[in-house]
Amino acid sequence: MVMNNYEDLPQIIPSDIDFSIPPELFRRLDGFIFDFAEAKGAEIVQKLWHGNMKCAYILATGPGRAREFVQLDFFTAFSTKGCPSLIPHEDLVADRKRLRNFYVPRPEVELLFTAMRRLFKNDWSARHCARISELSERIRDTGWLPDRYAWMKPTLEAAIRGEVERVAERRPQDWARLRSTAVSNLLLPERVAHIWVQTKRIFVRLRDETGQLLVLAAPRESIGTSALETLELVFHRRLFLEGRASLLSFAKLALLKRRKGLIIVMAGPDHPEGQALAKRLRRFGLLDQMLFSDNKLHPLDRGMAGTAFADDSGFIDAIVRVQAAKAARAIARGGTQTSEGLS
């Protein structure tokens, strides 16, 4: 079932797609996504196991200049960071409605889902309030709000009236109530199991890099703004390095590589300190690749293969190629909640 932003699907994909699926299907996601990507001629660029029974895949499809990225988010119950149990899968899919070739939730569920996501992300806007108002007009049952979420009523009423500032003001107290409600939804054995899964997940995230560190032996202006904006669909954070770094900084960079960061070391002719930094990072095994914008390798990279790029498309290609290889290795290693579908 697609949870939101579904009006123009599948012809237009406005953002990432949130799917609620049953646990037995979630456990086989790796195999399904691998087969799906292969059948569509797409590449799996990222796999992000980001919660208990929550996993996202980023796929790249199309060649070169026509490449598009899509993020597919899967979960079996709705939860957010610090809130492990909010809406169970059975409640999410109850009385779902068919729309074209997929299902969507009833308005009560989508309204709660939207409001809770905004509390987590802290990004209430007029658009979100308008959506909640629209969904509320479809609800016929006046007592639809579950008792355990009755504290959300003032916020929802303000959102329906379009009072964005009022909704935003209530966020700190609402977020605290949401977290306490989520914890109270779990029995002690469930809390212990949740802690164990999260511990295992952290280990896997440290094991499998979802970011990349590269040397750019070229002027910064050789990368267009559009290329960097496109790569924001793949990486959570972008960092340019031009000078020295301490051993502690190296440890932070290693962690950032594992947390969906794109780190670009500027090591062109105008960046001698960046060149020295690149050599040190290489000795520590932190570099993934070197890119240059002409057919001559920079002297600092003798013995290290580099990749030439002529434009933004070539720059993105080189990065996607390395990241897709990392995602393939991560999936092949298994050991996650989505790995049962691997043959």
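Report yes if some residue within the stretch 267-287 is crowded, with 18+ Cβ neighbours inside 10 Å, at pLDDT 85 or above, closer than 25 Å to D30 by Cβ and of a type outside the set (G, A, S); otherwise report no. No: the stretch 267-287 contains no residue that is crowded, with 18+ Cβ neighbours inside 10 Å, at pLDDT 85 or above, closer than 25 Å to D30 by Cβ and of a type outside the set (G, A, S).
Residues in the stretch 68-77 that are touching a strand residue (DSSP E or B) at 6+ places or on another chain (Cβ under 6 Å), more than 16 Å from A227 (Cα to Cα) and either among the acidic types (D, E) or part of a loop (DSSP other than H, G, I, E, B) (or both): 1 in all.
Scanning the stretch 156-190 for residues that are out of contact with any helix residue (DSSP H, G or I) (no Cβ under 7 Å at 6 or more places or on another chain), of a type outside the set (A, V, I, L, M, F, W, C) and within 29 Å of N52 (Cα to Cα) returns P172, Q173, R179, S180, S184, N185, P189, E190.
Assessment of the stretch 65-75 against the conditions (more than 21 Å from the chain's Cα centre (by Cα), over 23 Å from R177 (Cβ atoms) and in the same structural domain as R177 (by TED's automatic domain parsing)) yields at least one matching residue.
Restricted to helices (runs of 4 or more DSSP H) entirely inside the stretch 192-288, those with at least 2 residues that are closer than 28 Å to S79 by Cα and of a type in the set (A, V, I, L, M, F, W, C) are 247-257.
Taking the conditions (1) surrounded by fewer than 20 Cβ atoms within 10 Å (Cβ to Cβ); (2) of a type in the set (G, A, S); (3) modelled with pLDDT of 90 or more in turn, A60 satisfies each one other than (1). Take the conditions touching a Phe, Trp or Tyr at 6+ places or on another chain (Cβ under 8 Å) and on the phi > 0 side of the Ramachandran plot and apply them to M116. Does it pass? No.
Taking the criterion of being within 27 Å of the chain's Cα centre (by Cα) and either surrounded by 15 or more Cβ atoms within 10 Å (Cβ to Cβ) or at pLDDT 85 or above (or both), the residues of the stretch 238-248 that qualify are R238, L239, F240, L241. The residues on offer are H89, H50, H128, and the sole one that is of a type outside the set (A, V, I, L, M), touching a Ser or Thr at 6+ places or on another chain (Cβ under 8 Å) and within 28 Å of T336 (Cβ to Cβ) is H89. Considering the stretch 81-103, and only residues there that are touching a residue at least 60 places away in the same chain (Cβ under 8 Å) and in a strand (DSSP E or B), the residue that is nearest to V320 (Cα to Cα) turns out to be F102. Condition (residue is surrounded by fewer than 20 Cβ atoms within 10 Å (Cβ to Cβ), of a type in the set (V, I, T) and under 21 Å from H194 (Cβ atoms)) applied to the stretch 21-37: is it met by at least one residue? Yes: the stretch 21-37 contains one or more residues that are surrounded by fewer than 20 Cβ atoms within 10 Å (Cβ to Cβ), of a type in the set (V, I, T) and under 21 Å from H194 (Cβ atoms).
For (1) within 15 Å of L48 (Cα to Cα); (2) crowded, with 19+ Cβ neighbours inside 10 Å, each residue gets a yes or a no:
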site	(1), (2)
W196	no, no
R207	yes, no
E221	no, no
L233	yes, no
H236	yes, no
L253	no, yes
K257	yes, yes
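Counting only residues that are surrounded by 20 or more Cβ atoms within 10 Å (Cβ to Cβ) and over 16 Å from Q46 (Cα atoms), how many does the stretch 314-336 have? Qualifying residue count for the region: 1.
The values are calculated or read from the model by the stated rules, or taken from the named source; none is laboratory data. For clarity, every value in this text was computed on a predicted model and none was experimentally measured. Every residue, glycine as well, gets a Cβ built from its backbone with ideal geometry; the counts of neighbours run over all protein chains shown.
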